[in-house]
Amino acid sequence: MKKTMISMMVVVLGICSGVFAQELSVEEIVKKANEASYYAGKDGKADVKMTISDSKGSARTREFTILRRDGDGGDQNFYVYFKAPADVRKMAFLVWKHVGKADGRWLWLPALNLNKRIAPGDKRTSFVGSDFLYEDVSGRGIDLDKHELLASSDTHYKIKSVPKDSDTVEFSYYNVWVDKKTFIPQKAEYYDKNDKLYRRVEAVKVEVIQGYPTVMEAVASDLKSGTSTVNVFSNVKYDIGLSERIFTERFLRRPPKEVR
């Protein structure tokens, strides 16, 4: 009887250890990483100081506030309002992010009295002259790429993502290192059509805000030109009850009180 009990325990422990040792699928990892990066809370607000450095060491700064509100089915709205320096002050950027179809993106340029609609193909271009792209602000749709799990260590997943439509992007693929504990992507490296590394984006500082792992400092580097951009986040808040009306073209010209 004792041997039988021991045998049963061995079988049960074997089954349990197999369950806990089983890795997540690459699709599950990518989904969790996307949620951790862009879906903390129902909405959110943060102040950002952006420092853009050229290859000679000269630097210029941008200061702005970003608002985010989640909708249904993964759709989101983003509103970015620039406060400094003078040449970009009162400039505003609006995104209506849609899952499964093209996003709506608008840029208000007060100096030109121009409300500019950003074409879907422009989302891989520079965000206000920095090394971050428009797509970095609101995220890239996870269904736009084919994902492969390359490696899994004690602390990170390494994932390779290849665009399904290579004609719409400038890269041939990118590798992402996802933290196993927080699911925050800690580093992404982009390779060009000649299989050469040319761009890197890193989360260099992560803190837990209101229970959500949050990137507090991020760096984007253009390895060809030698330029880099650092975003430092502060005054981060989640679940503040942002109104849907904020995220309309009306507030491009007249910023809401939430960003003043």
Quiz item: Hey, of (1) 13.2; (2) 17.5; (3) 14.0, which did the structure itself give for mean projected area of the Cα convex hull in nm² when calculated?
Solution: (2)
Quiz item: What residue among I142, S221, T61 has its Cα farthest toward the positive end of the dipole of the stretch 26-259, where the charges are +1 on Lys, Arg and -1 on Asp, Glu, each on the Cβ?
Solution: T61
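Return I240, I142 ranked ascending by Cβ neighbour count within 10 Å, so the fewest neighbours appear first.
I240, I142
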Self-check item: Centroid-to-centroid separation of the stretch 162-210 and the stretch 20-70 [C-alpha atoms, Å]
Solution: 12
Practice problem: Find how much the distance from S152 to A102 grows on full extension, using 0.36 nm per residue of separation minus their present alpha carbon separation; answer in nm with one decimal. | Solution: 14.7 nm
Self-check item: Ascending count of other beta-carbon atoms within 10 Å, so fewest first, for V88, V201
Solution: V88, V201
Quiz item: Given Cα pairs under 8 Å that are at least 6 residues apart, what percent is the relative contact order of the chain?
Solution: 19
Quiz item: So what's the net charge close to K205: Lys and Arg +1, Asp and Glu -1, counting the other residues with Cβ under 14 Å from its Cβ?
Solution: -2
Quiz item: Against the longest alpha carbon principal axis of the chain, how many degrees, from 0 to 90 and to the nearest 10, is the axis of helix 2-21 turned?
Solution: 20
Quiz prompt | Y173, Y157 arranged by Cβ crowding within 10 Å, fewest neighbours leading | solution = Y173, Y157
Self-check item: Gain upon complete extension [D192, R260; 0.36 nm per residue less C-alpha separation]
Solution: 20.5 nm
Quiz item: What's the longest bit of the chain with no exposed GluC sites (Glu not before Pro), using DSSP loop states and at most 15 other Cβ atoms within 10 Å as the test?
Solution: 24-169
Exercise. Just need the relative contact order of the stretch 90-135 here, percent rounded to a whole number, with Cα pairs under 8 Å and 6+ apart.
Key: 25
Quiz item: Using alpha carbons only, how many degrees (0 to 90, rounded to 10) separate the axis of helix 26-38 from the longest principal axis of the chain?
Solution: 40
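Only the coordinates and a few stated rules stand behind these numbers; no lab work does. Computed from a predicted model, the values in this text were never measured in an experiment. Note: ideal-geometry Cβ built from the backbone for every residue, glycine included; neighbour counts use all protein chains shown.
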